[in-house]
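Right, one structure below, let's go through it.
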Amino acid sequence: MIKKNTFGLVVARVLALALIMCLFTTKIFASETVEATLDSGNTAWMTVATVLVLLMSIPGIALFYGGLVRQKNMLSVIMQTMLIVGVVSILWVAIGYTWAFDTSFQESGNPLFCIMGGFDKAFLHGITINTLTDGNIPEITFAMFQCMFALITPALILGAFAERIKFKGYMIFIILWVIIAYFPMAHWVWGGGFLQEMGAIDFAGGTVVHINAGISALIMAIMIGKREDYRAGHPITPHNITLVFLGTSLLWLGWFGFNAGSGLAADGLAANAFLVTHIATATAAVTWMIIDWIFNKKPTTVGACTGAVAGLVAITPAAGSVDLLGAFCIGIITPIICFFMVAVVKAKFKYDDALDAFGVHGVGGIIGSILTGVFATRIITGEMGEQGALYGDWNQLGIQIVATLVSIVYSAVVTFILFKIVNAIVGIRVDKRVEEEGLDIYEHGESAYN
């Protein structure tokens, strides 16, 4: 009887152990299956976010910049934007994505990883419709989302040298600039490069996009020289302010994809990025309007639109790490400094940044990158996340300053060298007669308004 009971007990224990192992194994496989399963909600949101970011380039930037130039140069801005969308898209899938986000060099211990990710994903090699990435979205979707950032960045630069650049010279410069300036910077900040390893916060492009483009814009504006009829302190009147407003509206709308999409998921972080983006932009638009009213005696449409863009720029690096307090502060501080740069500094130093690409995007990006190190809070970043100087972490502010300086220096040096090369080969600036008559007719054989 004892033996029978003992045998039964052993059997029961074996069965129980087998059941536990079965359940445990099932749980492991279940969790692995969940990790490898596409998240349709995140994928749908990232697809929409990608479309929104494309909206920023065409038609957003094209209309915003096109409205600010004179009628005779409207189409030149549109064509320059269209060129970027076409050429950079091809460059991105060919070499840009693998340069920025491939990890093969890191995995193999190749020291070149400090410069680029590798070559394994050239022309999206090895990426199928079933290949997933962060947020359980298709890697194709992630590659397309990042492609839109590669488009918008060089599009911002064209505002500095509008109305006086050769289309051929512009095309060659942009191709080289994207390869040598944008791709490495994207890798350094987002693809596992040294700035990311250092702990720099750039949620959606303060350094990679706005400082990179803004500093390049300043160097180009200085080196290409002033427009023939430019007079410091006397801005040339925009030909269509309604288009400026429409372009601003599309930029504001598209920026929600730019910032809220950068978390790669439809979650609370995206919701917060959406909130702080809108509030910082609204605050900046009102602040610039008030400054305009005080100093120029009129609240202008162009001023309010410029303020809104400055707010969008500055909140970009901070959208994934600041709360409402940070959004309000960034929205107030940024337009004050940008207004000073546009209204005072530009006039004093007499450089012709035609559409204030540096004064708004460059300066706004610098302010946003640094203030991220002030207002970042663990309320948003999480218990073990980054926090700024306002909350006791002065080290993060130091990191942000270093990342900002690296971006400024690298972009300036690359742009200077590329300008010299392209100008020597094909020339950069149009002839005086072409500039006087307008780029639309001479460069493209068309007129915006017939």
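The values are calculated or read from the model by the stated rules, or taken from the named source; none is laboratory data. Source: prediction; values computed, not measured. Here the Cβ is made from the backbone with ideal geometry for all residues, glycine too, and neighbour counts use every protein chain on show. Side chains are part of the model used for accessible areas, which takes the heavy atoms of the whole protein and leaves out ligands, DNA and RNA. Shrake-Rupley method; radii C 1.70, N 1.55, O 1.52, S 1.80 Å.
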Probe of 1.4 angstrom, ligands and nucleic acids ignored: what's the accessible area per residue over segment 387-450, in square angstrom?
55
When the expected Rg is taken as 2.2 N^0.38 Å, what fraction or multiple of it is the alpha-carbon Rg of segment 109-256?
1.26
P(r) for segment 249-318: what percent of alpha-carbon pairs falls in each 10 Å bin, starting at zero?
23, 45, 22, 8, 1
Could you work out the longest stretch of the chain that avoids the GluC sites (Glu not before Pro) located in DSSP loops with at most 15 other Cβ atoms within 10 Å?
1-227
Set the Förster radius R0 to 41 Å, insert the Cβ-Cβ distance between Ser104 and Phe340 as r into 1/(1 + (r/R0)^6), and round the FRET efficiency to 0.05.
0.35
From DSSP H assignment alone, runs of 4+ in the chain each adding -39500 (n - 2.57), the sum over residues rounded to the nearest 500 puts [θ] at 222 nm at -20000 deg cm²/dmol
Expressed per residue, the solvent accessible area of segment 250-331 in Å² (1.4 Å probe) is about 33
Provide the per-residue ³J(HN,Hα) series for segment 110-121, in order, calculated from phi with Karplus coefficients 6.51, -1.76, 1.60 and θ = phi - 60°, each as a whole number of Hz, with x at glycine and proline positions.
5, x, 5, 4, 5, 9, 8, x, x, 10, 5, 9
How much net charge surrounds Ile425 when only the other residues with a Cβ under 14 Å from the Cβ of Ile425 are counted, with Lys and Arg +1 and Asp and Glu -1?
+4
Excluding Ala308 itself, calculate the net charge of residues whose Cβ lies under 14 Å from the Cβ of Ala308, where each Lys or Arg counts +1 and each Asp or Glu counts -1.
-2
In percent, what relative contact order does the chain have, based on Cα pairs under 8 Å that are 6 or more apart in sequence?
22
Sequence-separation-based contact order of segment 199-293, relative, with Cα cut under 8 Å and 6+ spacing, percent:
25
How high is the relative contact order of segment 61-187? Use alpha-carbon pairs under 8 Å, at least six apart in sequence, and give a whole percent.
30
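Note the direction-averaged projected area, equal to a quarter of the hull surface, for the Cα convex hull of the chain, in nm².
26.9
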Go from 0 up to the bin containing the longest alpha carbon distance in segment 295-344, width 10 Å each, and give me the % of pairs per bin.
24, 52, 21, 4
Give the value in nm², to one decimal: projected area of the alpha carbon convex hull of segment 48-171, averaged over all directions.
8.9
Stretch Ile417-Lys168 to full length: gain in nm at 0.36 nm per residue minus the Cα-Cα span?
87.9 nm
Most packed first (mean Cβ within 10 Å per residue), the peptides 321-333, 361-373 order as 361-373, 321-333
For segment 308-450, max minus min Cα coordinate along each principal axis, in Å, sorted largest first?
61, 35, 30
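Round to a whole number: what % of the accessible area of the chain belongs to carbon and sulfur, probe 1.4 Å?
Details: 13540 of 19410 Å².
Looking at the chain in its full context, I get 70 percent from C and S.
Show me the ranking of peptides 190-196, 239-245 by mean Cβ neighbours inside 10 Å, starting with the highest.
On the way: 190-196: 19.9, 239-245: 17.6.
The densest-packed peptide leads the list: 190-196, 239-245.
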Taking Rh as the Kirkwood radius, which is the inverse of the mean 1/r over Cα pairs, what is the Rg/Rh value for segment 381-450?
1.36
Using alpha carbons only: equivalent-ellipsoid semi-axes of segment 324-382, gyration tensor based, whole Å:
28, 10, 8
